[in-house]
1. I need L144, L404 ordered by Cβ neighbour count within 10 Å, fewest first.
2. Sticking to Cα atoms, compute the Rg of region 327-405 to one decimal and its Dmax as the biggest Cα-Cα distance, whole number, in Å.
3. Given N residues in the chain, what is its alpha carbon radius of gyration divided by 2.2 N^0.38 Å?
4. With Cβ to Cβ distances under 12 Å as the rule, what net charge do the other residues near P236 carry (K, R +1; D, E -1)?
5. What fraction, in whole percent, of alpha-carbon pairs in region 192-344 exceed 28 Å separation?
6. Treat every Asp and Glu Cβ in the chain as -1 and every Lys and Arg Cβ as +1, leave all other atoms uncharged, and give the resulting dipole magnitude about the Cα centre to the nearest 20 debye.
7. Going by C-beta contacts inside 10 Å, put E274, E150, E371 in order with the fewest on the left.
8. Give me the percent of DSSP beta bridges within the chain that run antiparallel, rounded to the nearest 5.
Amino acid sequence: MAFLNPIFLLGAMAAAIPVLVHLVRRTRAARMEFASLMFLRRIEQKTIRKRTIRNLLLLAMRCAALLLLAVAFSRPYFTSQNPLAAGADQSSSVILLDASYSMRYPGVFDRAREAAREIVNRAAAEERIALVLFGRGYEILMPLKASRAEALALLDQAGPGLDATDYLQAVGAADALLKDSGPGQKRIYLISDFQSSGWNRAAPPVKISPGVELIPRDASAPDTANLAIVDVEADPVVYTQKYAGKVVAHVANFSPDAIEDRAVDLKLNDLVVERRQIRLDPFASKLIEFSGFNITEGSNRATVEISGDQFALDNKFHFTVRRDDQTRTLAIETASRGRSQTFFLQHALAAGENSQYALSVKTAGAVNPTEIDSYKTIIVNDSTGISDGLARSIASFVERGGGLIV
């Protein structure tokens with residue numbers, strides 16, 4: 001037998017407390033002188049013996065309770081007769097399997113899964129194993145238990161996700177699983193491609209408990225050349241047939257080799273409308289611009305795509321561009337000499353190359369009441385000079401859902 005907390009055995013000395021209390025508080029007969037004993041009640045000797053025996057049993061029970069309490073706090077356990085078998089039975093291992101986005105690189109997760117299977121197959125029959133998938137967070141697929149068959153089945157079902165990587169929180173979770181695993185060898189197997197972005201240097205450090213061994217297993221690919229479309233900026237809605245703005249694609253080279261003459265395509269509805277050839281230095285990035293192409297009416301599926309890369313998941317960036325009609329707007333003003341009353345309004349609504357508004361400026365006398373319905377919004381800059389007939393037409397226009405700004 002051994003004890004997890006042998007220091008608590010010192011509490012067994014507390015068993016002497018009831019004995020001391022019994023000795024201190026033991027009743028002593030007081031000696032008194034009497035002229036005659038004829039008036040005192042006689043007590044049989046056997047009654048005194050019974051009371052003495054009962055008090056001794058109570059004392060023993062109190063001592064035993066304190067002894068058992070001290071032993072319970074020391075957490076005893078039975079060891080195996082075979083030291084080698086005992087060490088194997090009490091071993092605990094946590095397998096941390098990286099399931100982040102970078103593990104989708106061809107062959108990487110397969111190597112990681114095979115490394116985990118090898119660890120499970122080499123484990124002793126009674127060794128406790130936990131299986132944890134991690135990315136930005138973590139998922140405990142199997143808590144600590146001696147079940148190699150279940151661990152192998154779960155590994156067959158596991159796959160990489162789309163999250164980033166956070167090694168510190170994964171190691172902290174594994175250490176927490178091992179804290180209550182009892183005595184014996186404790187190991188954390190960290191299986192990953194060890195991307196540098198997974199080490200959060202701003203986070204507080206994670207300290208592994210004493211006696212826990214951290215064993216890294218590298219599953220990265222020997223050649224990790226990768227081009228990626230990191231981001232795309234584009235106007236989601238345009239109001240002219242020709243795309244007046246710019247589609248800006250951020251292309252990055254994550255490999256140690258320079259990229260020569262790669263094509264970057266802009267596709268609308270699966271058709272290539274623009275193509276750029278680029279060159280990128282090792283670990284460099286570049287902004288690629290597309291403009292001047294035609295947009296069909298309605299919603300358009302758009303894609304920026306780069307070719308010639310083994311890791312194809314980040315070679316495309318999808319977005320949508322919708323072409324809408326401009327909002328026809330009528331501004332009514334009073335005829336005047338010099339600068340128009342709607343001069344500043346006209347320039348404000350026409351600002352930029354992708355203006356939503358098509359503004360027409362007319363005097364009250366030049367407005368034909370029958371053409372009002374062709375506009376969505378009417379701006380009355382000055383109500384002077386508006387005839388009763390035009391006023392009634394504008395009121396009817398508003399009643400039918402048209403917009404009016406006075």
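1. On the way: L144 19, L404 12.
The most exposed by this proxy come first: L404, L144.
2. Every Cα atom of region 327-405 included, Rg and Dmax give 12.5, 38 Å.
3. Numbers: Rg = 42.8 Å, N = 406, 2.2 N^0.38 = 21.6 Å.
Relative to the rule-of-thumb radius for its length, the chain sits at 1.99.
4. Numbers: positive: R322, R323; negative: E233, D235, D324.
In short, -1.
5. Working: 5568 of 11628 pairs.
Within region 192-344, distances greater than 28 Å cover 48 percent of Cα pairs.
6. Details: 47 positive and 44 negative charges, 860 e Å.
Result for the chain is approximately 4140 debye, rounded to the nearest 20.
7. Details: E274 18, E150 15, E371 12.
With the sparsest Cβ surroundings first, the list reads E371, E150, E274.
8. Working: 41 of 77 bridges.
Once the DSSP bridges in the chain are tallied, antiparallel ones form about 55 percent.
All of the numbers you see were taken from the coordinates with simple rules; none came from a lab. Note that this is a predicted model, so its numbers are computed, not measured. Note: ideal-geometry Cβ built from the backbone for every residue, glycine included; neighbour counts use all protein chains shown.
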